[in-house]
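Worksheet: one structure, shown below.
The values are calculated or read from the model by the stated rules, or taken from the named source; none is laboratory data. Quick caveat, the model's predicted, so the values are computed rather than measured. Note that each Cβ is placed from the backbone with ideal geometry, even for glycine, and that neighbours are counted across all protein chains shown. Only protein heavy atoms, including side chains, enter the accessible area calculation; ligands, DNA and RNA are left aside. Shrake-Rupley method; radii C 1.70, N 1.55, O 1.52, S 1.80 Å.
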Amino acid sequence: MCFATAVLIMTLFNFILAFTHKVNAQEFPPDFKFGIATASYQIEGAWNEDGKGENIWDHFTHTSSDKIFDHSNADVACDSYHKYETDIALLKELGVDFYRFSLSWPRILPTGYVDDGVNQAGVEYYNNILNLLDQNGIEAMVTLYHWDLPQHLHERMGGWLNETIVDIFAKYADLAFHIFGERVKYWTTFNEPYIFCQYGYENGTYAPGLASNRGVDVYVCGHNILKSHAAAYDIYDKTYRKKQKGKISIVLTAIWAKPSTYTRKDFEAAERNLQFQFGWFAHPIIKGNYPQVMINRIGERSTKEGFKKSRLPKFTNEEVRQIKDTYDFIGVNHYTTTMVKWMDDVQIGEPSAFNDLSVEEYYKDSWKSSGSAWLKVVPYGIRDMCKWIKKNYNNPSIIITENGYSDPKLILHDFNRTIFYKEYLKYLLQAVYDDRVDIQGYTVWSLLDNFEWNQGYSAKFGLYAINFTDPNRTRIPKDSANFYKAIVKTRRLK
Ligand code: GBH
């Protein structure tokens, strides 16, 4: 064989190699899991049926409907309390490996306290769901707390602002593990504490609507959440893990922060933004304490403001030991990206979490919008976020526990959503193959159009549409449902 032919063959060979690599890179790893998510308050309805206690969102929507965009509430919502069989049939249709849903604490414990008695009808409801999932070969990923605190706890003892909630939550978690744990593969304690502490106790835009003690309560909330998480993890670890063989962790807000320019200052601002957001919870759980930048900045500002102690509470050494390493994976909710720009520290005056952070945030004009002002379509953000977590937090196992796109109205031919998923998954695969991030699964938010918190029913995230004036709450598949179904089935993007 002459030299030229050999070169030609080699080139061809290399080309084929590169090509098959590209093709394989479209394929999800063999043990990668696909799921879809909901949350109790957003879908269940039946807000006062069969002994369920009131939760802070029932109370908030009933008393402050002006804070909800369309003045709506989730009294009926998707009526999933009565239609769970239909919902599970949809999961079966999609072919997902797991279903992520949350337990309504006051449906199980009307006052929040185990000692006040268990509501058997509530237990039955979740038993039915878990049994049906099991019969259909769908794994359960269960969130203990997706924002619907028993109203009684809020009124009687101050909810997340009172340290004694740690023990109250631990008892609820223990009960849930005991009753449901045999059928639960993944537990998560809290969904996005960054959001509910900030919106519930600093801005007041979410239940319980407090905004009277800015820069203080928000951190107390976070502190008690971290201790409650650790207590629940410890109980699972000591009493249930061996027998039930599940995994347990927490779900964190992960909005990617891109520096405005490639200057040291903007990099520092973007990094600080991530530390005040993701690091606030990830740092204690993975490394044992709050990010140093939070400790320093909140400490310094507190002193200047005349506080005797930092507004950011301190963990004792014992607490640091208890909180460190309380994760079997990290749950990552990723939707979007913000641009972050350095700015001079806000002058000392009224304390606030915003002032503690002191960065400027904006969206790029070129980013496509969705039905939610905060949700811009920035597909590469999911890859950069995962890479950042790998680098900063010892390469943890990651499960994307939420990712999704909203339409402003009922759209069945939801082309934008399909493109959204296609693009985000493309970058997720790059994180898996090119950056070697340990991503074990992916979860679509959400199964159904549902009650989108302060946006009411005006933002629609579902793969299945619901017309909320239809008393039957009929579920109608969107094009994106077929799209996701194909991905789950073929385990590949193209
Ligand atoms: C998730 O939070 C939640 O876990 C889930 O329940 C929710 O349905 C889903 O996202 C979609 O939003 O009112 O303009 O100030 C994601 C983070 C935090 C994004 C609150 C919207 C309110 C923006 N969300 N934020 S605004």
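Please give the per residue accessible area of the stretch 304-388, computed with a probe of 1.4 Å over protein heavy atoms only, in Å².
Working: 4410 Å² over 85 residues.
So the stretch 304-388 comes to 52 Å² accessible per residue, rounded to a whole number.
Could you sort the peptides 87-98, 165-176, 233-244 by per-residue average Cβ neighbour count (10 Å cutoff), highest mean leading? Numbers along the way, then the final one.
On the way: 87-98: 18.7, 165-176: 20.5, 233-244: 16.0.
Sorting 87-98, 165-176, 233-244 by mean packing, highest first, produces 165-176, 87-98, 233-244.
Could you work out how far the C-alpha centroid of the stretch 172-190 sits from that of the stretch 415-452, in angstrom?
26
Excluding residues fewer than 8 places away in the same chain, name every one of the aspartates and glutamates whose C-alpha is closer than 12 Å to that of LYS287.
Filter leaves ASP325.
For THR326, what charge total do you get from the other residues with a beta carbon under 15 Å from its beta carbon, if Lys and Arg give +1 and Asp and Glu give -1?
Working: positive: LYS227, LYS238, ARG241, LYS247, LYS287, ARG321, LYS324; negative: ASP234, ASP237, GLU318, GLU319, ASP325, ASP328.
Summing Lys/Arg as +1 and Asp/Glu as -1 gives +1.
In the structure displayed, which of LYS33/LYS245; LYS364/LYS391; LYS92/LYS489; LYS227/LYS390; LYS33/LYS238; LYS33/LYS368 lie more than 19 Å apart, Cα to Cα? Show your work: numbers first, answer last.
Numbers: LYS33/LYS245 17 Å; LYS364/LYS391 26 Å; LYS92/LYS489 12 Å; LYS227/LYS390 24 Å; LYS33/LYS238 27 Å; LYS33/LYS368 28 Å.
Listed pairs above 19 Å: LYS364/LYS391; LYS227/LYS390; LYS33/LYS238; LYS33/LYS368.
Mean separation of Cα pairs under 8 Å and 6+ residues apart, divided by the residue count of the chain: what relative contact order is that in percent? Don't skip to the answer; put the middle values down first.
On the way: 979 pairs, mean separation 83.4, N = 494.
17 percent.
Count the net charge of all other residues whose Cβ sits under 13 Å from the Cβ of SER310, scoring Lys and Arg as +1 and Asp and Glu as -1.
Working: positive: ARG297, ARG301, LYS304, LYS308, LYS309, ARG311, LYS314; negative: GLU300, GLU305, ASP356.
So the environment of SER310 carries a net charge of +4.
In the stretch 114-158, what chymotrypsin sites (Phe, Trp or Tyr not before Pro) fall in a loop by DSSP, with at most 15 other Cβ atoms inside 10 Å? Numbers along the way, then the final one.
Working: sites: TYR125, TYR126, TYR145, TRP147; in loops: TRP147.
The qualifying sites: there are none.
To the nearest Å, what is the center-to-center distance of the stretch 237-296 and the stretch 400-414, using C-alpha atoms only?
One Cα centre to the other: 26 Å.
Within the stretch 30-490, what whole-number % of the accessible surface is contributed by carbon and sulfur, with the 1.4 Å probe and all protein chains included in the calculation? Spell out each step's value before the answer.
Working: 8790 of 17530 Å².
After summing per-atom areas, the C and S share lands at 50 percent.
Which three lengths, in whole Å and largest first, does the stretch 351-406 cover when its Cα atoms are put on their principal axes?
34, 32, 19
Would you mind checking the radius of gyration and Dmax of the chain based on alpha-carbon positions, in Å?
23.0, 88
First select every other residue whose beta carbon is under 14 angstrom from the beta carbon of ASP407; then total the charges, Lys and Arg +1, Asp and Glu -1.
Values: positive: LYS368, LYS409, ARG417, LYS460, LYS478; negative: ASP414, ASP449, GLU452, ASP479.
Neighbour charge sum, excluding ASP407 itself: +1.
Counting pairs of alpha carbon atoms under 8 Å apart in space and at least six apart in sequence, what relative contact order in percent does the stretch 315-471 give?
Details: 228 pairs, mean separation 36.5, N = 157.
For the stretch 315-471, the relative contact order is 23 percent.
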